[in-house]
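Beneath this line is the structure, given in C-alpha cells, with notes to follow.
No lab work stands behind these numbers, since they all come straight from the coordinates. What you see is a predicted model; the values in this text were computed from it and never measured. Backbone-built Cβ (ideal geometry, glycine too); neighbour counts: all protein chains shown.
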Amino acid sequence: MKYSRNDLYDAKLDENDGIYGFNYPWTLSWYLSITGSEYFHIYLWICKDLSWTQEWYLLSLIFGTLSLMWYVVLAYHALSTRNGEEIWNVLGGILWLFANFWWMAGEIHDVQYPYANPISIKHDRDSSYILSAALIWFSIYYLIIIPFNLLPVSKRALEAYDDGQLHCRFSYFRNYRQYENIHTMFWLAKDLAWNLNNTSLWFIFLIPTILLSLDFIIVSMNAKNAVVDTAHYTSTLLWVCGNITWALGEFFFGNYDNPLILWQDSAIALKTARWYASWILLFSFIPLIFMYSMWIPLSLSGKLGPVDRDEILFEGKLRLFDYGSISTDLLVNEDVAANSDTEYVRNIMSNNELDHENATFIKKIFR
C-alpha cells in the first residue's frame, strides 16, 4: 500500500485532534517498541504479584521469570539508543526485580514444600541486600548524576523515550522521563522497608510512591491524546494500592495473611488483607481492558491510520530526529534508500510540506 498525500493529511488531523484520545494505531509490534515494551513489562509484573498473593507456585515462577527476561528488551532499547540514563535505570530495575523475585521464590517454596528445609528466611535476607544495593544505585543517579549531568543524553536519544507530550512540574528534572523514573526509586525503597519489616520507613516511602502515581495520572489526563498513558498510569496506581494493602495486612494483621482463593468470600477472607490485595491487583487490568476495547477496534478500522508499519512508508528502519516546526531529517538504512515511498516522503519534506505534527505522528508509529 502506498502512503499517499491524503494519508499524510489524515495523519496530521489525527495528531491534532485524535480520536477518543488516541492518535496512533495499536499493532502487535508496538509491544517491542520502547513505550510498548515498558507497558508490557507492567502486565508481566502485575501477573507475577497476583500469582504471589495467591501462592500459585508455577505461575509465580513463570511470570517472575518472564519479567526478568523481558529486561533484555528494555536493555536493548537503552543500549541501541545509547542513552546512558536509561542504561543506568535498567540496571537498577534488574536489581530490584531480581530481589523481588528471590524474595517471592523463597516464600512460595516454603508454602509449596512445607516438609522441606525452609529457605524463605535466607531469601528474605539476600533480597534485603540486593534491594539496598538497588536503592543506593538509584540514589546515586538522582543525587549525583542528575545534578551534575554526568550522563548527558543526546536530543535524539531523549526523544526516543520522551516525545515531549507530558510535562514535569518540578524544575529539578530536565525532562519528564527523569521525573517518571523516580517513582521506581521510591517504590523500591518501600519494598525494602517491607522486606525489613520496618513500618515507619515503609510509611515514609509510601507517601511519595502514591503521590507520584496520582500525579502521573493528572499530568496525562491534562495532556492531549494521552489515553494510552493515562490507562497505564491508572493501572499502575491500582497495582500500588494492591501492594500497599498486602503489606498492611502483613504489618498489622499477621494472623490473617494466608493466601485465599479469590472467589472465597468467607469470614476469614473478609479479614485478610492479602485476599483484598489479590482483587485489587486483578482490578488493575480493568483500565487496560477499557483502553484496548477502544484502541484495537479504532486501529483495525483504519481510523487511526495504517495499522501495519509496512503500509505507512516503506519496509525497513525509519527514524525521525531533530524535527522542527517545518521539516525534519529522514534517516534510512541503505537497503531501503531507493524505495519509492521513501523518495516520496523525502520529496514532501524537501518541499517543507511535512510539518511538526506529521513528523511527530510518524515518529510515534515507529517508536
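Once the piece of chain linking Ile136 and Leu66 is laid out straight, how much longer is it, given 0.36 nm per residue of separation minus the C-alpha distance between them?
Computed gain between Ile136 and Leu66 is 22.7 nm.
Calculate the dipole size of the stretch 106-196 relative to its Cα centre from +1 charges on Lys and Arg beta carbons and -1 charges on Asp and Glu beta carbons; express the result in debye to the nearest 20.
Computed about the Cα centre, the dipole is about 380 debye.
Return the inverse of the average 1/r over all pairs of distinct C-alpha atoms in the stretch 58-97, which is the Kirkwood hydrodynamic radius, in Å to one decimal.
Value: 10.6 Å, from the Cα pair sum.
Kindly provide log₁₀ I(q)/I(0) values, in the same order as q = 0.14, 0.21 Å⁻¹, from the Debye equation applied to equal alpha-carbon scatterers of the stretch 179-312.
-0.76, -1.19
If Lys and Arg each add +1 and Asp and Glu each add -1, what is the summed charge of the other residues whose beta carbon sits under 15 Å from the beta carbon of Trp187?
Residues close to Trp187 contribute a combined charge of -3.
Please give the net charge around Pro259, taking every other residue with its beta carbon less than 9 angstrom from that of Pro259, where Lys and Arg add +1 and Asp and Glu add -1.
That works out to -1.
Assuming R0 = 30 Å, can you tell me the calculated FRET efficiency for the pair Ser154 and Leu214, based on Cβ-Cβ distance, to the nearest 0.05?
After rounding to 0.05, the efficiency reads 0.40.
Quick one: length gained pulling Ile145 to Lys271 fully straight, 0.36 nm per residue minus the C-alpha distance?
40.8 nm
Per residue, what volume in Å³ does the Cα convex hull of the stretch 39-131 take up?
81 Å³
Dividing the Cα radius of gyration by the Kirkwood radius, what Rg/Rh value follows for the stretch 103-231?
A ratio of 1.08.
I'd like the Karplus ³J(HN,Hα) series for the stretch 183-189: coefficients 6.51, -1.76, 1.60, θ = phi - 60°, whole numbers in Hz, and an x wherever there's a Gly or Pro.
Whole-Hz 3J(HN,Hα) from phi for the stretch 183-189: 4, 4, 5, 5, 5, 4, 4.
Quickly rank 31-38, 167-174 as a protection proxy: mean count of other C-beta atoms within 10 Å, highest first.
Going from most to least packed, we get 31-38, 167-174.
Could you give the length gained by full extension between Ile204 and Tyr172, i.e. 0.36 nm per residue of separation minus their alpha carbon distance, to one decimal place?
Extending this stretch completely gives an extra 9.4 nm.
By the gyration tensor of its Cα atoms, with a ≥ b ≥ c the square roots of the eigenvalues, what is the shape of the stretch 215-284: rounded for a/c under 1.5, prolate for a/b over b/c, or oblate?
In terms of gyration-tensor shape, prolate.
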